[in-house]
Amino acid sequence: SLQPAKTMNNTFVFILFLLLFPLTAPAAESGSTCYGTTSQGRLEGGVSLPGSGNNFESYSSLGNLLGRTYVHDKVKGVVVESYKKLEGSHPDKVFMYGETGWEKGGQFAPHKTHQNGLSVDFMVPVLDEEGRSVPLPTGPLNRYGYDLEFDDAGTSGDLRIDFEALGAHLVALHQAAREAGIDLWRVIFDLQLQKRLFATEHGAYLQAHVEFSKKPAWVRHDEHYHVDFKVKCRPL
């Protein structure tokens, strides 16, 4: 009889089909894993922040290309979600993020932290002399915004810090983080400028829910505010 041979051929074809086209769905991405601390750590499965969105942009397209905007995937989700929240509540405001870290973490000069995917610099939102929300001017001549200097009143030339927008962003970050099951660990921002931030409508909320730096940082944080996120990490 030819039936056994036919059965064997069908079995062979079926096995070949399974090898070429597995019936099981492809495994989902495992996500990011952080190790150690922000000042001594590393990262697995880092993801890059998007270069721009409807109401935000990166401090530098070159920085993105060089791989200086990688974070833990949960942090990315929170950052993007915070901007989505602001699209609804503050549609006329524009925002900018700064440096974050390498895809695999580790030392990230000239920063002392940013080593495990949980640190993000956000450039201060600013208003021009006509009161319009505009992106912070960044480029090689001002070290992509990091060399800009704001006085204790929050002004630099024709620009002034939009403390209301800054406060709204930190509230959105905190809310998005809590919704994602994580939190903000701390915010590093110039002590004198903190006083103006706390004087906004968002000040009471921020002081109740977010930990701010109490001492001057090793470099003055006036043109940006540094945010560390609280995510459970494995030992280094």
Index of the failed condition, Gln107 passing every other in (1) in contact (Cβ under 8 Å) with a residue 24 or more places away in the chain; (2) farther than 19 Å from Pro137 by Cα
(1)
Identify, from the list His111, His90, the residue that is under 15 Å from Asp228 (Cα atoms) and either within 17 Å of the chain's Cα centre (by Cα) or not charged (D, E, K, R) (or both).
His111
For segment 127-156: of the residues being surrounded by fewer than 12 Cβ atoms within 10 Å (Cβ to Cβ) and assigned to a helix (DSSP H, G or I), which is farthest from the chain's Cα centre (by Cα)?
Leu141
Among (1) in contact (Cβ under 8 Å) with a residue 40 or more places away in the chain; (2) open to solvent by 10 Å² or more (accessible area, probe 1.4 Å); (3) part of a loop (DSSP other than H, G, I, E, B) - the single one His221 does not satisfy:
(1)
Does segment 78-110 hold any residues that are open to solvent by 40 Å² or more (accessible area, probe 1.4 Å), not polar (S, T, N, Q) and not in a loop (DSSP other than H, G, I, E, B), and which are they?
Glu81, Lys84, Lys85, Glu87, Gly88
Counting only residues in segment 224-236 that are open to solvent by 100 Å² or more (accessible area, probe 1.4 Å) and in a strand (DSSP E or B), the one farthest from Asp151 (Cα to Cα) is identified as Arg234
Listed by first then second residue, the pairs whose first member lies in segment 52-77 and is at negative phi and without any contact (Cβ under 8 Å) to a residue 40 or more places away in the chain, whose partner is assigned to a helix (DSSP H, G or I) and open to solvent by 60 Å² or more (accessible area, probe 1.4 Å), with beta carbons under 7 Å and at least 6 positions apart or on separate chains, are Asn54/Glu87
Could you look through segment 202-216, keep only residues that are assigned to a loop (DSSP other than H, G, I, E, B) and in contact with a His (Cβ under 8 Å, 6 or more places away or on another chain), and pick out the one that is nearest to Leu159 (Cα to Cα)?
Ser213
Consider Glu99 against the criteria (1) under 9 Å from the mean Cα position of the chain (by Cα); (2) within 18 Å of Ala177 (Cβ to Cβ): it satisfies all of them except one. Which criterion is unmet?
(2)
Top-ranked residue in segment 66-75 [being in a helix (DSSP H, G or I) and touching a Phe, Trp or Tyr at 6+ places or on another chain (Cβ under 9 Å); ranked as most open to solvent (accessible area, probe 1.4 Å)]:
Lys74
For Ala204, the lone unmet condition from (1) open to solvent by less than 70 Å² (accessible area, probe 1.4 Å); (2) among the hydrophobic types (A, V, I, L, M, F, W, C); (3) modelled with pLDDT of 95 or more is (1)
Among the residues of segment 157-177, which ones are surrounded by fewer than 18 Cβ atoms within 10 Å (Cβ to Cβ), touching a residue at least 12 places away in the same chain (Cβ under 8 Å) and over 20 Å from Lys85 (Cα atoms)?
Asp158
Quick check: anything in segment 175-186 in a loop (DSSP other than H, G, I, E, B) and in contact with a Pro (Cβ under 9 Å, 6 or more places away or on another chain)?
no
Filter result (open to solvent by 60 Å² or more (accessible area, probe 1.4 Å), assigned to a strand (DSSP E or B) and over 26 Å from Ala217 (Cβ atoms)) within segment 39-65
Glu44, Ser52
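The values are calculated or read from the model by the stated rules, or taken from the named source; none is laboratory data. A quick note: this is a predicted structure, and the numbers were derived from the prediction, not measured. When we count neighbours, we look across all protein chains shown, and the Cβ atoms used for this are built from the backbone with ideal geometry, even at glycine. These area figures cover heavy atoms from the full protein model, side chains too; ligands, DNA and RNA do not enter into them. Shrake-Rupley method; radii C 1.70, N 1.55, O 1.52, S 1.80 Å.
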